[in-house]
Amino acid sequence: MKIIHDKQAMRVWAIAEKAKGRSIGFVPTMGALHEGHASLVRAAVERDDVTVASVFVNPTQFAPHEDLDSYPRTFEEDCALLEKLGVDIVYAPDPESMYPKGYATYVTVEGVSEGLCSLTRPHFFRGVATVVTKLFCTVLPDRAYFGQKDAQQCAIIKRMAEDLDLAVEIVEMPIIRETDGLAMSSRNRYLSAEERQKALNISAALRRAQAMLAAGERDGAAIVNAVREGMAPLDIDYVVLVDARTMVPVDRICGEVLLAVAANMGSARLIDNIKFAVPQDNEAALEMTAKENVPCC
Ligand code: PAF
């Protein structure tokens, strides 16, 4: 495995691989890797000829009051894991080369970026869309892998790839959970033991929603209220039912729907979701696309 810091060297490597007819799988990360990232890397290694993982804590997706300086940085451990998983290149540019003095260009994805996480983090998705575009321009991936835990981020990147003709397939991979149900996140390490325990209300509330759906409930408000009730011990940011592709709120469950939640917990912000599809012509035939995602425990 090679570690590349330099943009030009990264692009030269990618062009050479493409000239050999090899497909490039790409997993963008901010490091502090966990099993969720590992699942994305495994998928890329299995599916693509060569795999690149980036490790870059992207300053433009943090507001001044957020945790950019204290965001966990575990580069050596990350590289050891990536090597074990079969990654070919770790791309780790430095912030000064990504955003040199005079940097002035940002990518904004309208519509799908509005609502949910944008309401409390209005800067966030512009930073994500910008850095992902820049990384794509350097790594030249055929496929890029993202986790469903960041469902709004996935929807935005899919929209952006389509709108900007980026010629990269965006692969969305299922949420990976701890054995007790908590969705894995680099920020879970901020939780105290007590907060960690309290956070389990989130996955428990989503399991309750799943049970209601399986029993035939199709009223959005009934489901949202039940989830809010289950998350009551937490400082809830949002509980919403939206169209999974556009992030537009829905009242009744029909088509591909995302039930997404966010809560603040000490210095951590936890997000989680489930996705499900109810065929428009036959609501009874509920297909839970994320069936195994919220385990019974
Ligand atoms: O999901 C993340 O870790 C980040 O938002 C990403 C996609 C690596 C961009 O910095």
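Tabulated results
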| item | result |
| --- | --- |
| Theoretical FRET efficiency, 1/(1+(r/R0)^6), r = Cβ-Cβ of Ala214 and Asp94, R0 45 Å, to 0.05 | 0.40 |
| Dipole of the chain [Lys/Arg +1, Asp/Glu -1 at C-beta], most positive-end residue of Ala260, Ile170, Pro122 | Ile170 |
| Sum of -39500 (n - 2.57) over DSSP H runs of 4+, divided by residues of the chain (222 nm, nearest 500) | -10500 deg cm²/dmol |
| Solvent exposure, largest accessible area first (probe 1.4 Å, DNA, RNA and ligands not counted), of Cys154, Cys137 | Cys137, Cys154 |
| Beta bridge orientation in region 131-282: antiparallel %, DSSP, nearest 5 | 80 |
| Fully extended contour minus Cα-Cα distance, from Ala104 to Val248, at 0.36 nm per residue | 48.8 nm |
| Added length on full extension, which subtracts the Cα-Cα distance from 0.36 nm per residue, Ser192 to Tyr238 | 14.3 nm |
| Note, ³J(HN,Hα) from phi for region 245-253, Karplus 6.51, -1.76, 1.60, rounded to Hz, x at Gly and Pro | 9, 9, 6, 7, x, 10, 9, 10, 8 |
| Percent accessible area from carbon and sulfur atoms, the chain, protein chains only, probe 1.4 Å | 52 |
| Cα lying deepest toward the dipole's positive end in region 127-266, options Val132, Met160, Ala199, charges on Cβ | Ala199 |
| Å² of accessible area per residue within the chain, as computed with a 1.4 Å probe and no ligands counted | 46 |
| Spatially proximal lysines relative to Lys134 (Cα-Cα < 30 Å; intrachain offsets below 8 disregarded) | Lys2, Lys7, Lys18, Lys20, Lys84, Lys101, Lys149, Lys158, Lys275 |
| Accessible surface, 1.4 Å probe, highest first, among residues His37, His5 | His5, His37 |
| Accessible surface, 1.4 Å probe, highest first, among residues His65, His34 | His65, His34 |
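The values are calculated or read from the model by the stated rules, or taken from the named source; none is laboratory data. Worth saying up front: this structure is predicted, and the values here are computed from it rather than measured. Note that we place each Cβ from the backbone using ideal geometry, even for glycine, and neighbour counts take in every protein chain shown. Note: areas computed on protein heavy atoms with side chains; ligands, DNA, RNA excluded. Shrake-Rupley method; radii C 1.70, N 1.55, O 1.52, S 1.80 Å.
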